[in-house]
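Undergrad: Questions regarding the structure given below will be posed in turn.
Taken together, the values in this text are just the output of simple stated rules run on the coordinates, not laboratory data. Quantities reported herein were computed from a predicted structural model and do not represent experimental measurements. When we count neighbours, we look across all protein chains shown, and the Cβ atoms used for this are built from the backbone with ideal geometry, even at glycine.
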Amino acid sequence: MSQASIIENLTPESIQSGFASLGYICDESIAMAIYLAVKLNKPILVEGPPGVGKTELAKATASLVDQSLIRLQCYEGLDESKALYEWKYGKQLLYTQVLKDKLGDLLKGAHGLSESVERLHEFGDIFYSEDFLEPRPLLQALKEPNGTVLLIDEIDKSDHEFESFLLEMLSDYQISVPEIGTIKANSTPIVFLTSNNTRELSDALKRRCLHLYIPFPDIKLERKIIQSRVPEAPADLREQLVNFVHTLRDMDLKKHPAISETIDWARALVLLHANSLDAALVKNTLNLLLKHEEDISQVKQELTAVLNKNKAKR
Amino acid sequence: MDNTFVEFIHALRGADVRVSTAEALDAMQVLQLVGYHNRSALKLALGQALAKSEEEKHSFNACFDHYFQFTSMDSLKEHTETALKEMESQQSEQTPSLISNILSGDMLAAMSQITNPQPSSPLEAAQSETPLGQLLLSGDQAAAAMAIASAGQSTNASQIQVMTQKGLYGRRMMMAMGLEAMEEEIWQAELSGNINHQLLAQQLRSARDVLRSEVKDYIERQFVLQAKAKGKQLRQETMMSVRLEHLREFKDTQVLVRKLAKRLAKKHAQRKKVHNRGQLDVRSTLRLSIPHGGIMFNPQWRSKRTNRPKVFVICDVSGSVSQVARFLLMFLYSLADVLPKVRAFAFSSQLGEVTELFQQLELDDAIDETLDRYGNGSTNYGQAFLDFNDHCLRDVDSKTTVIILGDARNNYGDAEIESLREIKQRCHQLIWLNPEQRSRWGSGDSEMKRYHAHCTLAEVCNSLSHLERAIDKLLIRQ
């Protein structure tokens, strides 16, 4: 199937099942967001705690619609020369050198200054032209002939100016290069913006996007995720470890374990040939789940209580 | 359905979800794409197009659940079904009456029953002639719900303001739907001796009761959605302009102050200044040099500094000004994102620093504690300035904004103009906020006119909107 017809035939249900076959288990809200984004040509702003698969969602979408993924990681100080385009200075300097040499030939026979300037004007200005333009991720995404998935990761880390500078790109899928003019997208990319909510994004940006909030998954969904990602884990263990992680998320910790950490932990437990959770095993592998010393010691203290509670739950 | 949708948007705005026109248009597109048939899908889709933060999502969900209550149609269906069943059972009682008529020899009655044979289904028997009756008996729930909604719109039910209007609007809506004609029909049908007509009357009456309760629910929903939102808006507007002394009588002032503070913080977040020194930004300098043949005419610097103003607040917390002080402090400490360095001082007869209280305690407790400690005593501005200069004039530098809050009523004591001037000379700006009207400045024991001469800015400040404006100015003038 061609890419266009894949996109044409998407429905929320087909997206959900498509993702599942790619190993990305999601609920209806995620599928609906992708569906709307594709149909309405709107960017999606994805928010949620770290490690719930925001970046993974963009990757999964790229493979679902069979398009390449262009990723732009935001950080403080990111500016348009790193995100959008850059002039090829070296080549431009060489060009001026070449121009200087040729200038004599060009102006040969010209009488007076005004005639020379006229001739110079006739000479096309290629100094600022697309030949000397070095495309960066955003421009690349617009130039892609068959569409692409563009991931602007952790937009909350970038500066305010960068955010405003994205607005044109997000609403009209075009960007203005002052020296050349406006460059329009060859085909509309699917755009994801992710944010960890370290700062509030501007209303102007939010207005242009669909908003998807991904919370930590519920127990059922997380079990499914583990089943799909770590199929070699026995069912009993899977249930226990997901329950355990959920209990941790209810506790007052500095940083709660994310899905990616649950997956890592499950892999580690499989590696250790564990069939069920016991206190010693958890104690030794806890550092895979929790990344702060205080958290680890707090959980170790309450470990038996937590494990017993889980047993009771079952 | 467009009208319904617009009302929904209004309700959302009332529930503190910011919906711009562009977003409303997007949502209309979403609506067309997803359709009304799948409620949960619609909720998800609209939520993604309209609510743009976790907080807004909660408000949205609550609002949506209230607004699109499709369950009501089901109950209508149930009622009609039970009514039908009742009639069927009554009909089965009719047949024995025929037999008994024959048996009793009353052939005339029996003949009339046979020549007017009982129809097999009650639906065929009962043909209502009014449009409303037909609609209700047809059992088409979607159409009934639509009719209720359109009656609601034609009677402007969304304009409902107070509880007591519920009955009035209910009656109006029933009228708009053509209740009068139906009542008449019921009455006529009951009067006629024909059994079919009496059956119809019974059916219609039960349908009417169902409708009445549906309409009542509809109005209830409108009230919850619209009037509540409007009431809240109205109250917040009042709270903004009411004098701060009276503001304590209102509920959730702190919520409003937080909201205002958040708005200001957003507006002034990340104000950055580019410096003309520091590390050279080679990349952008080189870039700008290209048109000049590689000669670097226009050096660019790397260092950008976020302006985080240092603020010292000196608050008069004696009886007359203490309420204003409460809100000023509440405001400043809610602005922690933009103003991380706030030091607070309180005085009536003598001055002391209360910054620590605000770091250790909850906002409300800290303010109460401040008022407790320093609030008793007669005001002495001169002493306060002397104390301040002794205590921390050294910490005041050219980036510091000093805010003084007070009515400048010095009880005829020494004004210590000189101390104030010292502060002014050292700081970036000196702002005086006075809760009294400008016309009263300088009257009686007020030293305001004299102090005014040494302030960068002196403002009247006795309501939340004054306070917001003053702090906005403070942030702009950095």
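Undergrad: Could you list B:Cys315, B:Cys427 in order of exposure, starting from the residue whose Cβ has the fewest other Cβ atoms within 10 Å?
TA: Numbers: B:Cys315 30, B:Cys427 20.
The most exposed by this proxy come first: B:Cys427, B:Cys315.
Undergrad: Could you list B:Phe347, A:Phe216 so that the one with the fewest beta carbons within 10 Å of its beta carbon is first and the one with the most is last?
TA: Working: B:Phe347 25, A:Phe216 18.
In increasing order of surrounding Cβ atoms, one gets A:Phe216, B:Phe347.
Undergrad: Over 10 Å intervals from 0, what percent of Cα-Cα pairs in the protein assembly as shown sits in each interval?
TA: In order of increasing distance, the bins hold 2, 10, 13, 15, 17, 16, 12, 7, 4, 2, 1, 0, 0, 0 percent.
Undergrad: Taking a ≥ b ≥ c as the square roots of the Cα gyration tensor eigenvalues, with a/c under 1.5 meaning rounded and otherwise prolate when a/b beats b/c, else oblate, which class fits chain A?
TA: It comes out prolate by the Cα gyration axes.
Undergrad: Return the sequence-ordered ³J(HN,Hα) values of the range A:180-190 in whole Hz as given by the Karplus equation 6.51 cos²θ - 1.76 cosθ + 1.60 applied to θ = phi - 60°, using x for Gly and Pro.
TA: 10, x, 9, 10, 9, 6, 5, 8, 5, x, 8
Undergrad: Sum up the charges of everything whose Cβ sits under 11 Å from the Cβ of A:Ile180, counting Lys and Arg as +1 and Asp and Glu as -1, but leave A:Ile180 out.
TA: Values: positive: none; negative: A:Asp125, A:Glu130, A:Asp131, A:Glu179.
Once positives and negatives cancel, what remains is -4.
Undergrad: Express in whole angstrom the spacing between the alpha-carbon centres of the range A:197-260 and the range A:34-66.
TA: Spelled out, the Cα-based centre of one part sits 16 Å from the other.
Undergrad: If you average the C-alpha positions of the range A:119-178 and of the range B:195-210 separately, how far apart do those two centres end up, in angstrom?
TA: Here the answer is 71 Å between Cα centres.
Undergrad: Right, next: Kindly identify the range B:2-67 as rounded, prolate or oblate by the Cα gyration tensor criterion: order the square roots of the eigenvalues as a ≥ b ≥ c, call it rounded if a/c is under 1.5, otherwise compare a/b with b/c, prolate if a/b is larger, else oblate. Please report the intermediate quantities before stating the final value.
TA: Values: a/c = 1.40, a/b = 1.22, b/c = 1.15.
Taking the square roots of the gyration eigenvalues as a ≥ b ≥ c, the range B:2-67 is rounded.
Undergrad: Among B:Gly193, B:Ile417, B:Ala143, which residue has its Cα positioned farthest towards the positive end of the charge dipole of the protein assembly as shown, with +1 placed on the Cβ of Lys and Arg, -1 on the Cβ of Asp and Glu, and the dipole taken about the Cα centre?
TA: B:Ile417
Undergrad: Would you calculate, for the protein assembly as shown, the mean residue ellipticity at 222 nm contributed by helices, counting each DSSP H stretch of 4 or more residues as -39,500 (n - 2.57) and dividing by all residues, to the nearest 500?
TA: Working: 38 runs with 448 residues, N = 792.
For the protein assembly as shown, the value works out to -17500 deg cm²/dmol.
Undergrad: If you don't mind, there's one more thing I want to ask. I'd like the Karplus ³J(HN,Hα) series for the range B:155-162: coefficients 6.51, -1.76, 1.60, θ = phi - 60°, whole numbers in Hz, and an x wherever there's a Gly or Pro.
TA: For the range B:155-162, the Karplus-derived couplings read 9, 6, 4, 6, 7, 4, 10, 10 Hz, x marking Gly and Pro.
Undergrad: Just to be sure I follow: if Rg is taken over the C-alpha atoms of the range A:219-313 and Rh is the Kirkwood radius over the same atoms, what is Rg/Rh? Working shown, then result.
TA: Values: Rg = 12.1 Å, Rh = 13.1 Å.
Ratio value, two decimals: 0.92.
Undergrad: Where is the GNM fluctuation largest for chain A (alpha-carbon springs, 10 angstrom cutoff): A:Leu167, A:Leu72, A:Leu277?
TA: Ranking A:Leu167, A:Leu72, A:Leu277 by mean-square fluctuation puts A:Leu277 first.
Undergrad: Test of the criteria: in the range A:194-249, which GluC sites (Glu not before Pro) are in a DSSP loop and have at most 12 other Cβ atoms within 10 angstrom of their Cβ? Don't skip to the answer; put the middle values down first.
TA: On the way: sites: A:Glu200, A:Glu222, A:Glu232, A:Glu239; in loops: A:Glu200, A:Glu232.
Passing both the DSSP loop test and the Cβ count: A:Glu232.
Undergrad: Determine the percent antiparallel among the DSSP beta bridges restricted to the protein assembly as shown, to the nearest 5.
TA: Details: 15 of 54 bridges.
So the antiparallel bridges in the protein assembly as shown amount to around 30 percent.
Undergrad: Which residue, B:Gln134, B:Leu457, B:Ser40, has the largest displacement toward the positive end of the dipole of the protein assembly as shown when charges sit on each Cβ (Lys, Arg +1; Asp, Glu -1)?
TA: Farthest along the dipole direction, towards plus: B:Leu457.
Undergrad: In what sequence do B:Asp209, B:Asp472, B:Asp387 fall when counting other Cβ within 10 Å, fewest first? Kindly include the intermediate steps, with their values, before the conclusion.
TA: Working: B:Asp209 12, B:Asp472 15, B:Asp387 20.
Ordered from fewest to most neighbouring Cβ atoms within 10 Å, B:Asp209, B:Asp472, B:Asp387 come out as B:Asp209, B:Asp472, B:Asp387.
Undergrad: Hey, another quick one. For B:Tyr67, what is the net charge nearby, where nearby means another residue's Cβ is under 10 Å from its Cβ and Lys, Arg count +1, Asp, Glu -1? Don't skip to the answer; put the middle values down first.
TA: Values: positive: B:Arg221; negative: B:Glu7, B:Asp65.
Summing Lys and Arg as +1 and Asp and Glu as -1 gives -1.
Undergrad: How much net charge surrounds B:Thr21 when only other residues with a Cβ under 12 Å from its Cβ are counted (Lys, Arg +1; Asp, Glu -1)?
TA: Details: positive: A:Arg207, B:Arg13, B:Arg18; negative: B:Glu23, B:Asp26.
For residues surrounding B:Thr21, the net value is +1.
Undergrad: Work out from phi, with θ = phi - 60° and the Karplus expression 6.51 cos²θ - 1.76 cosθ + 1.60, the ³J(HN,Hα) of each residue of the range B:278-285, listed in order in whole Hz, and give x for Gly and Pro.
TA: x, 7, 6, 8, 4, 4, 6, 5
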